[in-house]
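Q: Structure below; questions to follow.
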Amino acid sequence: MVTNFNIIQLDAAMLGTSDLPEEYLHNIKVMRMPGFQPFHQGLALHEAPCYKAGTEADWTSSIEFLPDTEEDLNKIWDDFNNGIPHVDIPLAIPVTRWDPTQAPAGKHTLYLYHYNPYNLKGGAHRWDEIKQEIADKILEYLASRCTNMDSKNIIGRWASSPLDFERNNRAWYQGNFCHIGGQISQNFGLRPFPLVSNYRLPVDKLYICGPSTHPGPGITGGGRAAVVVIMDDMGINFDDVITGSLA
């Protein structure tokens with residue numbers, strides 16, 4: 001069997017056994033999580049964003065806004081750790097600039113991403129109360145940097161808070177698509193920690209794949225790496241399967 005649940009979730013209760021190594025139980029308890037998670041909006045537009053900075057900015061693959069000083073940037077991360085949301089560092093990706101098939105002819109889509117804490121001051125449940133307000137303010141910030149991001153340009157729009165992401169995918173513990181933090185001690189050959197860095201969980205014939213494992217989230221080939229290990233344990237040569245030698 002193979003799971004892609006967050007390694008933090010795979011405790012004795014989830015795995016249905018109390019016979020787990022102390023090293024394993026200790027490591028899942030001390031895994032470090034980032035203080036911020038995704039807050040995402042998807043927009044359908046008549047026109048792609050046009051930036052006040054000029055056409056060169058319009059045709060970049062993405063625009064990510066940052067504060068003017070390192071001190072201000074550090075304060076944002078501190079605020080995240082204290083459950084305080086922000087709206088002024090969005091990441092905007094107008095995918096249809098390069099792939100027009102993702103919208104009807106002449107129309108556009110926009111991926112509007114922002115970091116924000118899952119654990120809000122006062123509790124994660126508060127996302128249901130403030131989600132729309134935060135989404136509106138993020139969009140307002142982007143509009144202040146553009147010439148055409150007013151309501152007349154927006155055909156449709158949806159937003160997802162970190163709490164929404166957790167509800168929609170139970171493996172996204174606290175809404176985290178990366179599963180765990182990006183510290184060196186939890187990455188590369190150490191991801192998520194040495195005892196299970198080979199995709200084998202300490203339960204017979206149970207394996208883990210997905211963002212908790214190396215090389216992490218995204219389209220990175222992690223599933224392939226897990227399959228190689230699983231097939232090897234089954235006595236199947238991965239290369240023979242890929243080349244069709246077993247046919």
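Q: For A143, are the conditions met, namely being surrounded by 12 or more Cβ atoms within 10 Å (Cβ to Cβ), among the small types (G, A, S), in contact (Cβ under 8 Å) with a residue 24 or more places away in the chain and not in a loop (DSSP other than H, G, I, E, B)?
A: Values: surrounded by 12 or more Cβ atoms within 10 Å (Cβ to Cβ): yes; among the small types (G, A, S): yes; in contact (Cβ under 8 Å) with a residue 24 or more places away in the chain: no; not in a loop (DSSP other than H, G, I, E, B): yes.
Here the answer is no, as A143 does not meet what is asked.
Q: Let me ask something additional. Could you check how many residues of the range 39-65 are touching a strand residue (DSSP E or B) at 6+ places or on another chain (Cβ under 6 Å) and over 14 Å from M149 (Cβ atoms)?
A: So the count comes out to 5.
Q: Continuing with this model, one more query. Give me a count of the residues in the range 122-140 that are in a loop (DSSP other than H, G, I, E, B) and surrounded by 14 or more Cβ atoms within 10 Å (Cβ to Cβ). So that I can check it myself, show each step before the final result.
A: Residues of the range 122-140 in a loop (DSSP other than H, G, I, E, B): 122-123.
Next, only the ones that are surrounded by 14 or more Cβ atoms within 10 Å (Cβ to Cβ) stay: none.
Selection size over the range 122-140: 0.
Q: Within the range 1-13, can you find the residues that are touching a residue at least 12 places away in the same chain (Cβ under 8 Å) and either surrounded by fewer than 13 Cβ atoms within 10 Å (Cβ to Cβ) or among the aliphatic types (A, V, I, L, M) (or both)?
A: M1, V2, I7, I8, L10, A12
Q: Same structure again: Just name the residue that is most open to solvent (accessible area, probe 1.4 Å) out of those in the range 19-44 that are part of a helix (DSSP H, G or I) and aliphatic (A, V, I, L, M).
A: Going through the range 19-44, the residues part of a helix (DSSP H, G or I) turn out to be 22-30.
This time we only want the ones that are aliphatic (A, V, I, L, M), so: 25, 28, 30.
Values: L25: 36, I28: 15, V30: 74 Å².
This residue is V30.
Q: With respect to G210, determine if the residue is open to solvent by 40 Å² or more (accessible area, probe 1.4 Å), at positive phi and not in a strand (DSSP E or B). Break it down into steps so the answer makes sense when it comes.
A: Working: open to solvent by 40 Å² or more (accessible area, probe 1.4 Å): no; at positive phi: yes; not in a strand (DSSP E or B): yes.
When the stated conditions are applied, G210 does not pass them.
Q: Turning to a different aspect of this structure: On the basis of being surrounded by fewer than 16 Cβ atoms within 10 Å (Cβ to Cβ) and more than 24 Å from the chain's Cα centre (by Cα), does G16 make the cut?
A: Against the criterion (surrounded by fewer than 16 Cβ atoms within 10 Å (Cβ to Cβ) and more than 24 Å from the chain's Cα centre (by Cα)), G16 qualifies.
Q: Residue check: is P192 part of a loop (DSSP other than H, G, I, E, B), open to solvent by 30 Å² or more (accessible area, probe 1.4 Å) and at pLDDT 90 or above? Lay out the reasoning, then the answer.
A: Numbers: part of a loop (DSSP other than H, G, I, E, B): yes; open to solvent by 30 Å² or more (accessible area, probe 1.4 Å): no; at pLDDT 90 or above: yes.
When the stated conditions are applied, P192 does not pass them.
Q: Moving on to the next point. Given the conditions (1) in contact (Cβ under 8 Å) with a residue 60 or more places away in the chain; (2) within 17 Å of Y141 (Cβ to Cβ); (3) open to solvent by less than 20 Å² (accessible area, probe 1.4 Å), which single one is not true for D79?
A: D79 satisfies all of (1) in contact (Cβ under 8 Å) with a residue 60 or more places away in the chain; (2) within 17 Å of Y141 (Cβ to Cβ); (3) open to solvent by less than 20 Å² (accessible area, probe 1.4 Å) except (1).
Q: In addition: Considering only the range 74-94, I want to know if a residue exists there that is of a type in the set (D, E, K, R) and in contact with a Lys or Arg (Cβ under 9 Å, 6 or more places away or on another chain).
A: yes
Q: Since E47 meets every condition but one in (1) of a type outside the set (K, R); (2) in contact (Cβ under 8 Å) with a residue 40 or more places away in the chain; (3) open to solvent by 60 Å² or more (accessible area, probe 1.4 Å); (4) not in a loop (DSSP other than H, G, I, E, B), which condition does it not meet?
A: Checking E47 against (1) of a type outside the set (K, R); (2) in contact (Cβ under 8 Å) with a residue 40 or more places away in the chain; (3) open to solvent by 60 Å² or more (accessible area, probe 1.4 Å); (4) not in a loop (DSSP other than H, G, I, E, B), the one that fails is (4).
Q: Right, here's the next one. Select from the range 146-171 the residues that are touching a residue at least 24 places away in the same chain (Cβ under 8 Å) and in a helix (DSSP H, G or I) and write down the one among them that is nearest to V87 (Cα to Cα).
A: Going residue by residue through the range 146-171, those that are touching a residue at least 24 places away in the same chain (Cβ under 8 Å) are 146-149, 152-166, 170-171.
Still in the running and in a helix (DSSP H, G or I): 152-153, 162-166.
Details: K152: 22, N153: 21, P162: 14, L163: 17, D164: 18, F165: 18, E166: 21 Å.
Among those that are touching a residue at least 24 places away in the same chain (Cβ under 8 Å) and in a helix (DSSP H, G or I), it is P162.
Q: While we're looking at this one, here's another question. Does any residue of the range 65-72 turn out to be in contact (Cβ under 8 Å) with a residue 60 or more places away in the chain and polar (S, T, N, Q)?
A: no
Q: Name the single residue that is surrounded by the most Cβ atoms within 10 Å (Cβ to Cβ) among those in the range 88-121 being β-branched (V, I, T) and over 17 Å from I154 (Cβ atoms).
A: I89
Q: For L66, are the conditions met, namely being in contact with a helix residue (DSSP H, G or I) (Cβ under 9 Å, 6 or more places away or on another chain), open to solvent by 90 Å² or more (accessible area, probe 1.4 Å) and assigned to a loop (DSSP other than H, G, I, E, B)?
A: yes
Q: Continuing with the same structure: Cβ-Cβ distance below 6 Å, separation of 6 or more or different chains: which pairs start in the range 220-243 with a residue that is under 19 Å from L201 (Cα atoms) and in a helix (DSSP H, G or I) and end on one that is open to solvent by 40 Å² or more (accessible area, probe 1.4 Å) and not aliphatic (A, V, I, L, M)?
A: Listed by first residue and then by second, the contacts come to G222/P215.
The values are calculated or read from the model by the stated rules, or taken from the named source; none is laboratory data. In this text the structure is predicted, and so the values were computed from the model without any measurement. Cβ sites come from the backbone with ideal geometry, for glycine too, and all protein chains shown count toward neighbours. In case anyone asks, the SASA skips ligands and DNA or RNA and just uses the protein heavy atoms, side chains included. Shrake-Rupley method; radii C 1.70, N 1.55, O 1.52, S 1.80 Å.
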